Each structure stands twice: as structure tokens, then as C-alpha cells.
1. Which of the residue pairs LYS4/LYS198; LYS15/LYS98; LYS45/LYS433; LYS27/LYS383; LYS4/LYS385 have a Cα-Cα distance greater than 29 Å in the structure shown?
2. Which order do the peptides 328-339, 141-152, 59-70 come out in when sorted by mean C-beta neighbours inside 10 angstrom, highest first?
3. Compactness ratio of the chain: Cα Rg over 2.2 N^0.38 Å, N = residue count?
4. Kindly state, to the nearest 0.05, the FRET efficiency for LYS395 paired with GLU323, given R0 = 25 Å and r defined as their beta-carbon distance.
5. From the phi of every residue in region 148-164, what ³J(HN,Hα) in whole Hz does the Karplus formula 6.51 cos²θ - 1.76 cosθ + 1.60 yield, where θ is phi - 60° and glycine or proline is x?
6. Which angle between 0 and 90 degrees, to the nearest 10, do you get for helix 423-436 versus the longest principal axis of the chain when only C-alpha atoms count?
7. For GLU94 and ALA423, compute 0.36 nm times the residue count separating them, minus their Cα-Cα distance, and round to one decimal in nm.
8. Counting only residues 5 or more places away or on other chains, whose amide H sits under 5 Å from the amide H of THR129 once H atoms are built in the peptide plane?
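Any read-out appearing in this document is the output of simple, stated calculations on the displayed coordinates, not a laboratory observation. Computed from a prediction, not measured in an experiment: that's the story for all the values here. Neighbour counts run over all protein chains shown; Cβ positions are idealised from the backbone, glycine included.
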Amino acid sequence: MTTKLSIPKIRKTFKHVIAPDDAAYDKARTVLPGDIDRRPAVIIKVTNADDVAQVIALAKETGLPLAVRSGGHSAHSVVEDGIVLDLSLMKNIEIDAKEKTVWAEAGLTAIELTSATLEHGLAVGFGDTGSVGIGGITLGGGVGYLVRKHGLTIDHVLAAEIVTADGNILQIDQANHADLFWAIRGGGGNFGVVTKFKFQLQDMTQAYGGMLCLPATPETIASFVSEADSAPETLSTIANVMTAPPMPFLAEEYHGKIIILAMLCYTGDLADAEKVIQPFRNIAAPLADMLHPMSYAEMFPPDNPDYHPLAVSMNMHLDRVDESVAQTMLTHLGGSTGMMAVTQLRVLGGAMARVPADATAYAHRQSKIMANLAVIYQDLNEKPKHEQWANEYKKTITQSDKGEYVNFINTVGEKELEAAYPASTLGRLRQVKAQYDPTNLFKMNQNISLYLK
Ligand SMILES: Cc1cc2nc3c(=O)[nH]c(=O)nc-3n(C[C@H](O)[C@H](O)[C@H](O)COP(=O)(O)OP(=O)(O)OC[C@H]3O[C@@H](n4cnc5c(N)ncnc54)[C@H](O)[C@@H]3O)c2cc1C
């Protein structure tokens, strides 16, 4: 353990400090991925932008590595023998219901902010998981249940407050530090610590959605993707072609078999909901049909905070999923020796695709289908075997679209960065990085400085 830090001194500066000897330490250093076991020198829970500036100063003074955490859903937000800047106490929300905007602090989770805005009949889309931090998901893009109707999370960011590597607290938007404002919408945590975002909110009264389970055959998978593509933009879907868990509402004969477990979210006129959903029910006799009118918040059932899965996952985009591609998926999923193998398919398009590729640092606007290939496994020693499975699977189904979504990339290298960002985007991001973080203080992320050319 480092000798560069004086914990008693740090406790005099900050109110919420967790050190290795504290009872709260093990819980506080834990992030969602189950294979990450790092021991930081200190975790500092900040409460305002001045605190953030002081933690940045401490990192520079000690030379210790700095990790920034909002929701802790990635491996990047904890660092061995370094400083964790934890924003999770920063949860202030200021809603302007008339203007339909909100200032939201970066320590909020997606469901915390969504629940608050829904009280005003308003929402901004995040992902498919309530416990994801709005900090991480927003900085990478944000692809969720409103993606076809309203676009990405970043398409709703009007302004932000950010503390940069020099300790300055900047208010940024289209008119102020426009280059930095462009970069934080897709460029991740490379440029500073965002303490709050201003989001444009959308009207959200009621949704119609939930889970639909279907048998998985080449025909049903291809049909699902085709229906999702031709459905109105008011419907966004996530189809998980996966090993069925032993869910009580699913007949036992399907437990452990590959099924389609789909999440559908319709947010158009409720009178049309059944009509829009029906083609999915027609694909095959549903194994479980839990679609119903609901509050949009119901799309995010409570997460288990103690769930820390061992998972290997890979992100990619596909141009099409026809029956032959679907057959390849089924073959590979059936060949996994993990506890649960998944191919998650998100048909994109709609509002997300109407934003020009260079308007934000998220450039994969024309990608048709996002796919996550994942396996949940039990024995860490078997990780290489599952990585090999995922690599081979990905190689087999790769099509013309080589882009990857930065928030779903786990390992970062030149190849991954080039997949995450087209050359022009990456070049521009590196210029902004050179201006605002020339020493790469913020490197615990999908780091764009790794291979500076
Ligand atoms: C179960 C699960 C489901 C997911 N579903 C979706 C989905 O549907 N759609 C989607 O788009 N993504 C999804 N993701 C990916 C998710 O968006 C990323 O993992 C995201 O980075 C998590 O953000 P976080 O704040 O929770 O994580 P953290 O680990 O806290 O942060 C992630 C990264 O962002 C940086 N960061 C976080 N907050 C700040 C800040 N305020 N300022 C500067 N840097 C910051 C961190 O340093 C780190 O590099 C999912 C992830 C998981 C684990």
C-alpha cells in the first residue's frame, strides 16, 4: 500500500473518506463486474464541484492514479493503490417542468432520475438497467428503450458542469467550450469529471411493454429483427437470444434451453399499442407474454445490488440478421460451456439515426443493429475459454459494419478505439484531450490517449 497518502489529513479536507481499514471499504471498492478485485488507497465521496477539484489536486500532488465513479457499472471506476473519486452522493435534481429540462447531478442512477422526472410526466432515455449511473452511460452515448423514438441520451444533453484536469470548474454547452461539449457526448470520461448534466426532457405519460418470450429458431429470430425494424419508431426492442434461466413463469422444459427473451417498450398512443405489438405475438406462440400497459419506470425492475456476475462480453454491429445469421447464432450459443450464453440484439434507426455523425462523438448513427455477445460463467479460471468462445463467435458473424459502442467495450486497445470511433472522430477527440487533459490524468476509461499518434 502506498505511503504517499495521509488518510488523517484527507479526512480533514473531505467529509466522506473510506480507507482500507474502514468497515465500509470492501463494499465501497466493489464495482459491478465480478472479476474486478482492486484495492484503492482511498475512496473519496465528493459532494460538490469544489470537492472534485480538491480530489484532482490530491491526485496530482501524490501522483496516484485516479478513478472516477458514478454508478460503478464498469471495470474502470476502481483503481489499484490509487484514488477513487466517487460521485454517488451527488444526487441533486432540479426540474423545470415548464421548460421540460432538468439539471441532474452525476451521482444519480438512471432509475433515480427517471422516477423523479416521471412525476412531471417527463423522461430522458438511458439504457435498459435502472442502476446504471447517469455519469458513465451519458458520457458514452446511452442506447435504451427510447432510442428509436427520441435518440441517444447524449442527444438530450443541453449543457454540463465539468471539472477539468487543471481544477477549473467549467459550464459548457454549444456556445461555451463547444469542442469539449462535443467530446463529452460520446467520448467518455477522458476530459474531466462531469458533476452535473442539463437534459432536455420528453413527454412521457404511459408505456406499453415488458417481456415477451418466444421459441428461438432461425425463423423466429430473423422475424423478430425484421418486425423490430419495420415497427413504428415509438417501439424500441431488445431481443436476448439466450439460455433461459429457470424463471417461474416459463415452462420447465425450456429452462436451460435457448429462447428469445425480448423486452419491448412502446411509448406511442396507447390506443395503438396492441396493434404495434401484435406482429411480435404472431411470430410464434409466446412461451411467456408479460406485455402490458405500464409506467415507463416499470421497464426497470429493481436490480440486485449484490449481483456481481463473471461475464465475458463483446459488442458489435450487424447489417442484417437473416435466417442464416440466426442459425449461426444458435449454433454458437449452443456451443458455449458457460452458465448462460446470450446474443443481445437491438434494432436501431429512428431518431438516433437522424443526428449527423459528426454532431457528437458518438458516430455510429447509421448502424442498423447493435449486438452484444456475452457469456456468464462461474469459475474465473475458465475466463480464457469463454473469451475464446466470444472471439470466435464474433469473428464468424462479423459483417460490413465494424463499429463498436464504447460503453460496451471492456478491454481498450488501438483496435477497440478504432472500432469505437471513426478516424475523424478519434482525431478530434485527441485534440480536445490534448487541450484539456494533456497529462492524461483521466485514464481509467476507454482511454483515447493510449496510443497517441
Ligand atoms: C448491466 C448493465 C447494463 C447496461 N445496459 C446498457 C444499456 O442498455 N445502454 C447503454 O448505453 N449502456 C448500457 N450499459 C453500459 C453502461 O452504459 C456503461 O457501463 C457505463 O459506463 C456505466 O456507467 P456508470 O456510471 O454506472 O459506471 P462507472 O463505472 O461509474 O463509470 C463508467 C466510466 O465512466 C467514467 N465516469 C463515470 N461518471 C463520470 C463522470 N461524472 N465524469 C467523468 N467520468 C465519469 C468512469 O470513470 C468510467 O470510465 C450497461 C452496463 C451494465 C453493466
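1. Pairs exceeding 29 Å: LYS4/LYS198; LYS15/LYS98; LYS4/LYS385.
2. Working: 328-339: 17.1, 141-152: 26.4, 59-70: 20.0.
Per-residue mean Cβ counts within 10 Å order the peptides as 141-152, 59-70, 328-339.
3. On the way: Rg = 21.7 Å, N = 453, 2.2 N^0.38 = 22.5 Å.
Here the answer is 0.97, to two decimals.
4. Numbers: r = 20 Å, r/R0 = 0.81.
It comes out at approximately 0.75.
5. Running phi through 6.51 cos²θ - 1.76 cosθ + 1.60 with θ = phi - 60° gives 7, 7, 10, x, 7, 4, 5, 6, 10, 7, 9, 6, 8, 10, 9, 9, 8 Hz.
6. For 423-436 against the chain, the angle is about 20 degrees.
7. Working: separation 329, 0.36 × 329 = 118.44 nm, distance 3.77 nm.
Between GLU94 and ALA423, full extension yields an extra 114.7 nm.
8. Under 5 Å from the amide H of THR129 lies no amide H from a residue far enough along the sequence or on another chain.
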